[in-house]
Every structure is written in C-alpha cells, then in structure tokens.
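For reference, the structure discussed in these notes is given below.
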Amino acid sequence: KFRYTTSLIANKQELISDLELSFSRPFKNVNYTKINLTDTNFKPIGYTILPDSTSKKLIIKSNWGKGSNYILTINKDAISDSMNNTLSKSDTLKFSTKDENDYGSLVLRFKNFSSSNHPVLQFVQGDEIKKSILITSAQWSDKLLIPGDYELRILYDTNNDGSWTPGNYLKKIQPEKVITIDNKLSIKANWDNEREIQL
C-alpha cells in the first residue's frame, strides 16, 4: 500500500524546521498543484515543496507563524509510485505550529573570542549534531531552541569548510581541534539560559 507519514509531533509543527512527508515507496510523479497549504480559511500561504534525493520524502518549506493553524490538503492523485499506485484517499491535515514559549532561550558569551580559527558551536545529542553555528562575535543568542539536554562542542574549523576535517599524516596536517564544553546544557521550554564559555 502506498502511504505516507508526516514529521508532525502531536499535530504540532516546529517553527524552525520544515514539514516532511515520508512515503512508503519512492514516488515517480508528483502533481504539485494537487498539494496545497493554506490557513484555516483555505487562503493560500507562501510555501515551497521539494522532493529529497531519495524520492521518498517531500519537504514543505514555509515561514511558519508562531502559534498558527494550517491546513494541508493532498489530493489522492497528487503522488504516484513507479507502478502508478496513488494514495488510497484524499487527505486534509489540520495542524498548528508551536509558540515561542514552547522553546528555550539561550545567551552564550565567549571569553577570549577570536574569529581567526573559525570557531563553530555544535549542539550534540548522542552521536548527532543537532545544530551547528559559526561564531562570529563574543556573544551569541537564540530564542528558539528545542528543549532537551545538549552537549556543547567548539570546533576550530581552520579550513572554514563547515565540518570537522581529519588530519593527514603524510602532509603533516593536524586534525581540526574539537573541544567539549564541561557541563551539559539543559534547555527548558519558556526559560532563559545564560552561560559563559572560555575559548
């Protein structure tokens, strides 16, 4: 059966990420005019829909409003797989976006800041880098952090390519330096956090 699931959690869309539709099999044809994102009065809003490289996901990008309600309508003939199977029925998804107070706020101050090493701040959960930011000044803040516990790392991105580069023994190049900040960062919803980090 050709079907899909969404990235919504408890019918809520994150303000800081895209809405994803994941399909049970790769799709072959998509009629984008038969997929519509509107407000609750069925008034169209600005959005773009892009397939990912596997043709198993459609990514819906929009400038999500805080605490807003949306309707996504998907006609059953909008998408088909290589066997021309379509969805079993048309769908109308009603969902809302999170509000600013669903997120935590964070201010970080960096001591001994220097942009010459291209320091990159990484928020890590388990083995996954959840957020990566090039630090360009001695203070950084964000009001929309998803609540949770994070390990903070500083990557000195010497070659400025945005990711960690291993060393090269033959060329006598050292691997790029990564420092793990002591004490995990715990972000709570509707909570202001401040921290000083020694670079």
- Note on the structure: Selection from the range 94-130 of residues outside any strand (DSSP E or B), under 27 Å from the mean Cα position of the chain (by Cα), loosely packed, with under 14 Cβ neighbours inside 10 Å and in contact (Cβ under 8 Å) with a residue 24 or more places away in the chain yields Glu100, Asn101
- Task: All but one of (1) out of contact with any Lys or Arg (no Cβ under 9 Å at 6 or more places or on another chain); (2) under 18 Å from Lys188 (Cβ atoms) hold for Lys111, so report the exception by its number.
- Result: (2)
- Close pairs (7 angstrom Cβ cut-off, 6 or more residues apart or separate chains): in contact (Cβ under 8 Å) with a residue 40 or more places away in the chain and within 19 Å of Asn31 (Cβ to Cβ) in the range 61-81, exposed (fewer than 14 other Cβ atoms within 10 Å of the Cβ) and basic (Lys, Arg) anywhere: Ser80/Lys28; Asp81/Lys28
- Note on the structure: Here the qualifying pairs (Cβ atoms under 8 Å; residues six or more apart or on different chains; first in the range 33-46 and closer than 12 Å to Thr73 by Cβ; second of a type in the set (Asp, Glu)) come out as Lys34/Asp77
- Boolean, Asp192 is touching a residue at least 12 places away in the same chain (Cβ under 8 Å) and either surrounded by fewer than 13 Cβ atoms within 10 Å (Cβ to Cβ) or in contact with a His (Cβ under 6 Å, 6 or more places away or on another chain) (or both): yes
- Can you tell me which of Ile187, Ile179 is open to solvent by 50 Å² or more (accessible area, probe 1.4 Å) and of a type in the set (A, V, I, L, M, F, W, C)? Ile179
- Task: Considering (1) touching a residue at least 12 places away in the same chain (Cβ under 8 Å); (2) open to solvent by 40 Å² or more (accessible area, probe 1.4 Å); (3) within 23 Å of the chain's Cα centre (by Cα), say which one Asp142 fails and leave the rest.
- Result: (2)
- Considering residues that are basic (Lys, Arg) and surrounded by fewer than 16 Cβ atoms within 10 Å (Cβ to Cβ), the number found within the range 145-176 is 2
- Could you tell me which numbered condition Ile135 fails, if it satisfies all but one of (1) among the aliphatic types (A, V, I, L, M); (2) without any contact (Cβ under 8 Å) to a residue 40 or more places away in the chain; (3) surrounded by fewer than 17 Cβ atoms within 10 Å (Cβ to Cβ)? (3)
- Item | Single match in Thr97, Thr86, Thr136 (criterion: among the β-branched types (Val, Ile, Thr), farther than 22 Å from Ser17 by Cβ and touching a Lys or Arg at 6+ places or on another chain (Cβ under 8 Å)) | Thr86
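The values are calculated or read from the model by the stated rules, or taken from the named source; none is laboratory data. Source: prediction; values computed, not measured. Neighbour counts are summed over all protein chains in view; Cβ atoms, including those assigned to glycine, are modelled from backbone coordinates with ideal geometry. Areas reflect the complete protein model, heavy atoms only, side chains present, ligands, DNA and RNA absent. Shrake-Rupley method; radii C 1.70, N 1.55, O 1.52, S 1.80 Å.
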